[in-house]
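Chemist: My questions will all concern the structure given below.
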Amino acid sequence: MTLSRTAAIRVVAPETSSVLSPRTAHGDAATIAEISAGLLAPQASTSPKYFYDSLGSHLFEAICELPEYYPTRTEAAIFARHGADMAARIGPGMTLVDLGAGNCAKAASLFPLLQPSQYVPVDIAGEFLQQAAAQLRQRFPAIEITPLVMDLSQPLILPPSLPAARRQFFYPGSSIGNFTPHDAVTFLRQVRENVGADGGLLIGVDLVKDPAVLDAAYDDAIGVTAAFNMNLLRHLNHLAGADFDPAQWRHVAFFNDAESRIEMHLEARCALSVHWCGGERSFAQGERIHTENSHKYTLEGFRSLLWEAGFRVDGTWTDDAHWFAVMHAAAAYA
Ligand code: AVI
């Protein structure tokens, strides 16, 4: 499912509402229903996919530049040091399926080593993806580039036109950490079903480390991550016709040791009410919306997660401090 702008719904705010102008929702009915269910749950929550409108995608790019946000540069250093080894394991001429491709920069930096014949960047942020794909076509005219706008929280169904042989999935950045371990296995099983007998998965995973390093990475000094979290409210206003006022909320991020994950929340600065297309809710001062989990794994823990999903790890590369790992996995059975 994509966040298409079809089926826009126009609603008029109830007379009791403090918002006087009509609200317009630009999300489709399923999107609005999903947002509404999350906001109305006893512990309000939203899917992290709603971070990534165009501004959110740019803010995430900025996060990746932050000194506190170590995953991007640590993973890049692993690719720079061990990319040739990874490419030798995979072999050239594959269909490279880049899950959550964003600006496609990570995969593109590996093209000279991996030498894919086809590149399939998959992402929910359609406009951003199409722009990135257009630039790539100019830089790499020999590679067939087939962008797919897709919501990775929905079943992974690839177009039948995609070659079935030599499919190499690429899931860097530790985006797998944004699923709960249970949902990560479900997602990886779907990838496994699409890999075939001769394909594989190259995946980045963030490792458990000093909580102070983790806390700083998700609550940086100049507030880029706070803006990324807060931008979600603007996106919900757009999709669900909500009337969130970002000034009434603050960014909260912390490492939850028991769950081995960073949690991000938005916390109400004061008692407030929010209305959206088809729903409303009051929040007490200090009440939170849980907006993201980012799970951190041990090497062993992540290998067994891959095994549970039907993969056998045949390559592991880490940085010297063991902050981040890249693993290659193949089908554990035919
Ligand atoms: C995309 N994902 C892997 C990032 C992470 O680290 O969990 C998203 C992010 N959230 C805040 N900062 C970065």
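Chemist: For a quick size check, give me the Cα extents of the chain along its three principal axes, largest first, whole Å.
Modeler: Projected onto its principal axes, the Cα set of the chain covers 65, 44, 35 Å.
Chemist: Ranked by accessible surface with a 1.4 Å probe, highest first, in what order do Glu287, Glu65 come?
Modeler: Glu65, Glu287
Chemist: Would any residue of segment 47-64 have its amide N under 13 Å from a label point 7 Å out along Cα→Cβ of Arg234? List them or say none.
Modeler: 51-60
Chemist: What aspartates and glutamates sit close enough to Lys296 to cross-link, taking a C-alpha to C-alpha distance under 13 Å and skipping anything fewer than 8 places away on the same chain?
Modeler: Asp206, Asp210, Asp215, Asp257, Glu259, Glu263
Chemist: Another question, then. Using the basic label-point model (7 angstrom from Cα toward the beta carbon), what is the Glu144 to Glu259 distance in nanometres?
Modeler: About 4.2 nm separates the two model spin labels.
Chemist: Within segment 228-285, list the GluC sites (Glu not before Pro) lying in a DSSP loop whose Cβ has at most 14 other Cβ atoms in a 10 Å radius.
Modeler: Glu259
Chemist: Roughly how many nanometres apart are two label points built 7 Å out from the Cα toward the Cβ at Thr24 and Thr298?
Modeler: Label-label distance for Thr24 and Thr298, simple model: 5.4 nm.
Chemist: Give the percent of DSSP beta bridges with both residues in the chain that are antiparallel, rounded to the nearest 5.
Modeler: Details: 36 of 55 bridges.
Just about 65 percent of them are antiparallel.
Chemist: Give the value in nm², to one decimal: projected area of the alpha carbon convex hull of segment 230-281, averaged over all directions.
Modeler: Mean projected area of the Cα convex hull: 4.3 nm².
Chemist: Just the number, please: carbon plus sulfur as a percent of the accessible area of the chain, 1.4 Å probe, no ligands or DNA/RNA counted.
Modeler: 56 percent
Chemist: Another question, then. Could you tell me the convex hull volume per residue, in Å³, taken over the Cα atoms of segment 158-265?
Modeler: Spelled out: Cα convex hull of segment 158-265, divided by residues, is 154 Å³.
Chemist: So what is the accessible area of the chain per residue, in Å², with the probe set to 1.4 Å? If you can, show how the numbers build up before the last one.
Modeler: Working: 14320 Å² over 334 residues.
Per-residue value: 43 Å².
Chemist: Translational diffusion coefficient of segment 242-324 at 20 °C, 1.002 mPa s, Stokes-Einstein with Kirkwood Rh over Cα pairs, in µm²/s as a whole number. Kindly include the intermediate steps, with their values, before the conclusion.
Modeler: Values: Rh = 16.0 Å.
Using the Kirkwood radius from Cα pairs, D works out to 134 µm²/s.
Chemist: Work out how much length Gln154 to Leu40 would gain on full extension: take 0.36 nm times their residue separation and subtract the Cα-Cα distance, in nm to one decimal.
Modeler: Full-extension gain reported as 38.9 nm.
The values are calculated or read from the model by the stated rules, or taken from the named source; none is laboratory data. Everything quoted here is computed from the prediction, not taken from an experiment. Glycine also receives a Cβ, built like all others from the backbone with ideal geometry; neighbour counts cover every protein chain displayed. For the accessible areas, the whole protein counts, side chains as well, though only heavy atoms, and no ligand, DNA or RNA atoms are used. Shrake-Rupley method; radii C 1.70, N 1.55, O 1.52, S 1.80 Å.
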